[in-house]
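Here's the structure we're looking at; comments come further down.
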Amino acid sequence: MGANQVCLCLGISTINIAITYYLFNRVDSLLLRQARQEALAYIDLLNHTRMWNNEYDGVYVEKQKETKSNVYLKKLGINPDIKTADGRILTLRNHAIMIKEISERSETDGGTSYRAVSLQPINPASAPDPFEANALNQFAKGALEVAIIENNKKSPVFRFAAPFRADGSCLECHAVKIGSLIGAVSLKIPITELVNHTQTTKLLIALTSFVILGLIIATSYGLIWRLVISLDIAQQHLIQLAQTDELTGLTNRRSILKRLKEEHERAARNHDPICVMIADVDFFKKINDSLGHPAGDYVLKSVTARMKAELRSYDIIGRIGGEEFVVVTPNTSLDDAVILADRLRKTIGSVPFIYQGTELLVTLSIGVAEMGASSGVEDAIKRADAALYRAKQCGRNRVEVDDEGESS
């Protein structure tokens with residue numbers, strides 16, 4: 001279950017990153033869309049302004065000190081200035097110069113600037129810059145609009161251009177066909193505030209994503225840690241099962257023989273005595289046959305408990321099969337081992353076991369052998385087993401040592 005949860009967290013993390021990436025692109029897309037809508041609104045307003053000016057064949061304004069006459073009208077044979085009866089000078093403002101002056105006023109206030117450009121302008125000031133020249137080339141190929149974002153030193157600017165096709169009002173100044181591409185309307189829209197809002201939105205999205213990702217990572221770490229702990233517990237349990245007798249909880253045959261070998265090697269290095277004893281429950285088969293295997297299991301567990309209570313902390317006990325037990329006594333002479341074995345025998349046989357109201361008098365037969373520095377584990381087990389066999393042959397409920405020892 002933990003692995004599934006980790007996979008789920010990884011899946012959610014991937015989705016979270018994908019959503020963040022999508023939202024970042026979406027925010028950028030909305031920035032361009034909003035800037036484009038603003039540009040189209042300006043172009044629509046410019047077109048209406050131009051048409052209004054054309055309907056009146058231009059608009060006359062009173063000429064002030066800073067007001068200059070439109071010299072390009074003079075080149076076309078049109079006198080832009082007239083004098084009124086009261087002596088004032090009025091000058092003509094056609095749509096081109098009116099839009100230019102409105103743009104200059106807007107740009108001075110930090111707003112949008114716009115102008116008409118052409119590849120063959122009458123006014124040199126209407127010559128295109130690189131962006132506008134590229135836009136005009138694209139319009140000639142059928143493009144409907146061109147837009148980019150320029151990040152200059154002062155502030156980001158949205159550049160937008162739309163094609164301008166000739167209508168009746170253009171024929172006065174341009175020798176073109178109605179409907180032909182005559183130029184383009186070019187806009188520069190400051191978008192510093194819009195970009196700042198976009199960056200703030202991105203920052204909030206990133207922070208939210210990082211918080212969610214952090215929570216997912218923390219959750220994943222917790223789940224992985226729990227999984228590692230569970231696996232470690234399971235591994236320890238498997239190791240314990242591999243080394244432990246399931247019924248009694250004692251070390252099993254394989255593990256007790258391994259421990260015996262380790263203790264023998266240690267004793268040989270330190271020149272310490274070490275003994276091994278094999279204990280067998282007397283007439284165990286009769287218990288199973290008369291009371292059943294549950295009674296036999298009860299006896300084995302009860303014998304185990306009493307023996308463990310009598311053994312020292314450094315003694316090792318294990319079950320090697322059936323009703324047989326092995327006890328390893330490190331740093332113990334043969335005489336002391338015999339005394340310990342006899343104490344075990346008396347502990348088991350002195351007080352009956354009670355199984356479901358039935359008293360069971362259980363006794364042990366024990367064989368003891370001392371392990372020399374040159375003797376092997378199998379040899380010691382063989383000699384202890386031979387001593388056990390003699391204990392059985394001599395009437396049971398007794399302790400026997402190997403051929404070189406004495407009985408008690």
Rounded to the nearest 10 degrees, the helix 253-270 long axis (Cα) sits at an angle to the longest Cα principal axis of the chain of 80
Using a 1.4 Å probe on heavy atoms of the protein chains only, the accessible area for Leu32 in Å², nearest 10, reads 80
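Counting pairs of alpha carbon atoms under 8 Å apart in space and at least six apart in sequence, what relative contact order in percent does the stretch 52-144 give?
On the way: 84 pairs, mean separation 19.3, N = 93.
For the stretch 52-144, the relative contact order is 21 percent.
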Given charges at Cβ of Lys, Arg, Asp, Glu: the chain dipole, positive-most of Ala268, Val146, Leu223
Val146
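Dipole size in debye (nearest 20) for the chain around its Cα centre, Lys and Arg Cβ +1, Asp and Glu Cβ -1? Walk me through the numbers on the way to the answer.
Values: 47 positive and 48 negative charges, 420 e Å.
Using only the charged Cβ atoms, the result is roughly 2020 debye.
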I'd like the accessible area for Asp272, computed on protein heavy atoms only with a 1.4 Å probe and all protein chains in place. Round to 10 Å², please.
50
With label points built 7 Å along Cα→Cβ from the Cα atoms of Leu361 and Leu231, find their separation and express it in nm.
5.8
Most to least accessible of Glu310, Glu107 (protein chains only, probe 1.4 Å)
Glu107, Glu310
Of 315-324, 281-290, 156-165, ordering from highest average Cβ density within 10 Å down gives 156-165, 315-324, 281-290
Based on DSSP, what percent of beta bridges with both residues in the chain are antiparallel, to the nearest 5?
95
Pair Met51, Lys285: separation of 7 Å Cα→Cβ label points (nm)
11.8
Given the candidates Gln199, Gln120, Val368, the one whose Cα lies deepest towards the positive end of the charge dipole of the chain, counting +1 at each Lys or Arg C-beta and -1 at each Asp or Glu C-beta, is Gln120
Round to the nearest 10 and give me the degree value, 0 to 90, for the angle of helix 95-108's Cα axis relative to the longest principal axis of the chain.
50
Using θ = phi - 60° and the Karplus form 6.51 cos²θ - 1.76 cosθ + 1.60, what ³J(HN,Hα) does each residue of the stretch 375-383 get, whole Hz, x for Gly and Pro?
7, x, 5, 4, 5, 5, 4, 5, 5
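Compute the accessible area per residue over the chain, keeping the other protein chains in place, probe 1.4 Å, unit Å².
Details: 23970 Å² over 408 residues.
The answer is 59 Å² per residue.
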Going by alpha carbons, how many degrees (0 to 90, nearest 10) lie between the helix axis of 2-55 and the longest principal axis of the chain?
0
Within the chain, what whole-number % of the accessible surface is contributed by carbon and sulfur, with the 1.4 Å probe and all protein chains included in the calculation?
57
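Remind me, relative contact order of the chain in percent, using alpha carbon pairs under 8 angstrom and six or more residues apart? Numbers along the way, then the final one.
Working: 574 pairs, mean separation 50.3, N = 408.
Here the relative contact order equals 12 percent.
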Considering only protein heavy atoms, what is the solvent-accessible area of Ser333 at a probe of 1.4 Å, reported in Å² to the nearest 10?
40
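May I ask you to compute the full-extension gain from Ile82 to Asn152, defined as 0.36 nm times their residue separation minus their alpha-carbon distance, rounded to one decimal in nm?
Details: separation 70, 0.36 × 70 = 25.20 nm, distance 4.36 nm.
Length difference between fully extended and current span is 20.8 nm.
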Only four residue types carry charge here, +1 at the Cβ of Lys and Arg and -1 at the Cβ of Asp and Glu. Report the dipole size of the stretch 344-408 about the Cα centre in Debye, rounded to the nearest 20.
360
Distance in nm between pseudo-label sites at Lys68 and Glu107 (7 Å out along the Cβ direction from Cα)
1.3
Full-stretch length increase - His271, Arg343 - with 0.36 nm per residue and alpha-carbon distance subtracted
23.3 nm
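The values are calculated or read from the model by the stated rules, or taken from the named source; none is laboratory data. What you see is a predicted model; the values in this text were computed from it and never measured. Note: ideal-geometry Cβ built from the backbone for every residue, glycine included; neighbour counts use all protein chains shown. Just the protein is used for accessible areas: all its heavy atoms, side chains included, with ligands, DNA and RNA removed. Shrake-Rupley method; radii C 1.70, N 1.55, O 1.52, S 1.80 Å.
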